[in-house]
Amino acid sequence: MLYALHEMQHAMLAPFEAMAGATHALFSQPHSPWAHVPGARTMAASNELVLRLVRRYAKPAWGLAETVVDGQAVPVTIEEAVVRPFCRLLHFRRELPAGVKREDPTVLVVAPLSGHHATLLRDTVRTMLPEHEVFVTDWVDARLVPTREGHFHLDDYVAYVQQFIRFLGPRVHVISVCQPTVPVLAAVSLMASRGEDVAPLSMTMMGGPIDTRRSPTAVNNFATGRPLSWFESRVIQRVPATYPGVGRRVYPGFLQHISFIMMNADRHIDAHREFFGHLVVGDGESAASHRRFYDEYNAVLDMAAEYYLETLRVVFKEHALPNGSWIVDGEAVRPADITRTALFTIEGELDDISGVGQTQAAHDLCRGIPADRRDHFLVEGVGHYGIFSGRRYRESIYPRIRDFIRRNA
């Protein structure tokens, strides 16, 4: 019912969205006489603010049409390397000039499935492209997956990661950002326990909830402060008839978005107040930066209910990975069996989603990895999103990831 009411609300707001868009154009387009009257900027700013608050945000484009390799611009083509019902493995293929061959490391970037689209890692991918062959997990919005495709469990997530690793071969390096650090560690652990020849050369884990008992955040406390039945009864909804996944039980993206906003409500209110001021004074660069961030931040996807609830139980309530009690498809997850894969963990000092020490806990679990093939980096003055995007990522964090990958290639 809640999902249906949400759709009804959007339908009711459609006229206001259209009116705000038309009024904004009337007072902002250079050819409009109304754009040159006193107060035009204030009118345009007010209506753009309304427009952005009521509109629905589609999945953003990657916008990575080219990269620079050895000082030369080269086209980038995004190809679907593997297609599964709930995920597409994308290859950002660089069109190198004829005769140019490079032996760049192959990197599998496992994007989080926690409400946002994989495009949230655009800066991560853009920065890596010049020196790596990059593949990314592009998770599918669960409301777009027909029920005939079956369910998607946390075990399925682990199986997907294993399939992608096998597809890319034994010379792949895996990078996981936030949520996927847990299923990635499980996937590699299971492959090591089986003695599979295909093992990643390295794992880089960034700001993930390996052990949420360390420096618990508001996110961790919210997850542990309520029984699983509370989440199942209050936030799990069925996809309405307007989508291909009609009838599927999901944790809707709009509820996750509300949670994101409420975590730092004052910060978001201030950001929109500043955005309005930038528009009024004509600070186009600052306004454009705000649009880019919120176009991405406001674009959310639904998650399969079984995956969402199992993640809550396994990661946040039972702490099954650090406790050594996690069973995936009948097999015990034993990180200590990993011996051939190097480990690099990265944390942000100001991370308010995965607290300091939660990712570093992977080192205590991966005791079979030699000390000279393990590293940890605590980045001072950086929050959660700064770990994988922005200036500090490009200038301080990425170079260490690149060097670690090459040391273990």
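For this structure, a couple of remarks:
- Filter pass, residue 352 being within 24 Å of the chain's Cα centre (by Cα), modelled with pLDDT under 95 and surrounded by fewer than 19 Cβ atoms within 10 Å (Cβ to Cβ): yes
- Residue within the range 328-339 that is hydroxyl-bearing (Ser, Thr, Tyr) and either buried (at least 16 other Cβ atoms within 10 Å of the Cβ) or in contact with a Ser or Thr (Cβ under 7 Å, 6 or more places away or on another chain) (or both) present: no
- Single residue of 73, 18, 58 found to be over 26 Å from the mean Cα position of the chain (by Cα) and within 30 Å of residue 272 (Cβ to Cβ): 18
- Among residues of the range 26-54 being among the small types (Gly, Ala, Ser) and outside any helix (DSSP H, G or I), the one that is nearest to residue 276 (Cα to Cα) is 39.
- Within the option set 403, 352, being free of Cβ contacts under 8 Å to residues at least 40 places away in the same chain and not hydrophobic (A, V, I, L, M, F, W, C) holds for one residue only, 403.
- Residue list for the range 355-367, restricted to those being surrounded by fewer than 22 Cβ atoms within 10 Å (Cβ to Cβ) and either in a loop (DSSP other than H, G, I, E, B) or among the hydroxyl-bearing types (Ser, Thr, Tyr) (or both): 356, 357, 360, 367
- Cβ-Cβ under 9 Å pairs, at least 6 apart or on other chains, the range 292-317 side under 20 Å from residue 389 (Cα atoms), far side hydrophobic (A, V, I, L, M, F, W, C) and open to solvent by less than 20 Å² (accessible area, probe 1.4 Å): 294/275
- Within the range 195-219, residues that are free of Cβ contacts under 8 Å to residues at least 40 places away in the same chain reach no partner that is buried (at least 23 other Cβ atoms within 10 Å of the Cβ) and of a type in the set (Val, Ile, Thr) with beta carbons closer than 7 Å at six or more positions or on different chains.
- Selection over the range 105-156 of residues that are out of contact with any Pro (no Cβ under 6 Å at 6 or more places or on another chain), in a loop (DSSP other than H, G, I, E, B) and farther than 24 Å from residue 252 by Cβ gives a count of 1.
- Odd one out for residue 263, checked against (1) modelled with pLDDT under 95; (2) more than 22 Å from residue 390 (Cβ to Cβ); (3) open to solvent by 30 Å² or more (accessible area, probe 1.4 Å); (4) touching an Asp or Glu at 6+ places or on another chain (Cβ under 8 Å): (2)
- The combined condition, being closer than 22 Å to residue 402 by Cβ and either without any contact (Cβ under 8 Å) to a residue 40 or more places away in the chain or not aromatic (Phe, Trp, Tyr) (or both), is fulfilled by residue 130.
- For the range 340-349, the candidate set comprises residues that are in contact with a helix residue (DSSP H, G or I) (Cβ under 9 Å, 6 or more places away or on another chain) and not aliphatic (A, V, I, L, M); within that set, the residue that is surrounded by the fewest Cβ atoms within 10 Å (Cβ to Cβ) is 340.
- Whichever residue in the range 393-402 is more than 18 Å from the chain's Cα centre (by Cα) and open to solvent by 70 Å² or more (accessible area, probe 1.4 Å) and, among such residues, is nearest to residue 346 (Cα to Cα): 400
- The range 51-99: number of residues that are within 27 Å of residue 154 (Cβ to Cβ), among the aliphatic types (A, V, I, L, M) and touching a helix residue (DSSP H, G or I) at 6+ places or on another chain (Cβ under 9 Å): 4
- You will find that of 58, 45, 25, 18, the residue that is within 24 Å of residue 294 (Cα to Cα), in contact with a Leu (Cβ under 7 Å, 6 or more places away or on another chain) and at pLDDT below 95 is 45 and no other.
- Condition check for residue 176: assigned to a strand (DSSP E or B), more than 30 Å from residue 4 (Cα to Cα) and touching a residue at least 40 places away in the same chain (Cβ under 8 Å): yes
- Single residue of the range 288-323 satisfying the filter (part of a loop (DSSP other than H, G, I, E, B) and under 22 Å from residue 120 (Cβ atoms)) that is most open to solvent (accessible area, probe 1.4 Å): 298
- Residue in the range 160-180 that is surrounded by fewer than 24 Cβ atoms within 10 Å (Cβ to Cβ), of a type in the set (A, V, I, L, M) and under 22 Å from residue 310 (Cα atoms) present: no
- Among residues of the range 51-99, those that are more than 25 Å from residue 175 (Cβ to Cβ) and open to solvent by less than 70 Å² (accessible area, probe 1.4 Å), counted: 5
- For first residues located in the range 251-264 and over 11 Å from residue 298 (Cβ atoms), partners that are open to solvent by 40 Å² or more (accessible area, probe 1.4 Å) and lie 6+ apart or on another chain with Cβ distances below 7 Å form the pairs 263/218.
The values are calculated or read from the model by the stated rules, or taken from the named source; none is laboratory data. None of the values given here were measured: they were computed from a predicted structure. Heads up, the Cβs are rebuilt from the backbone with ideal geometry, glycines too, and the neighbour counts pull from every protein chain shown. With ligands, DNA and RNA removed, areas are computed over all heavy atoms of the protein, side chains included. Shrake-Rupley method; radii C 1.70, N 1.55, O 1.52, S 1.80 Å.
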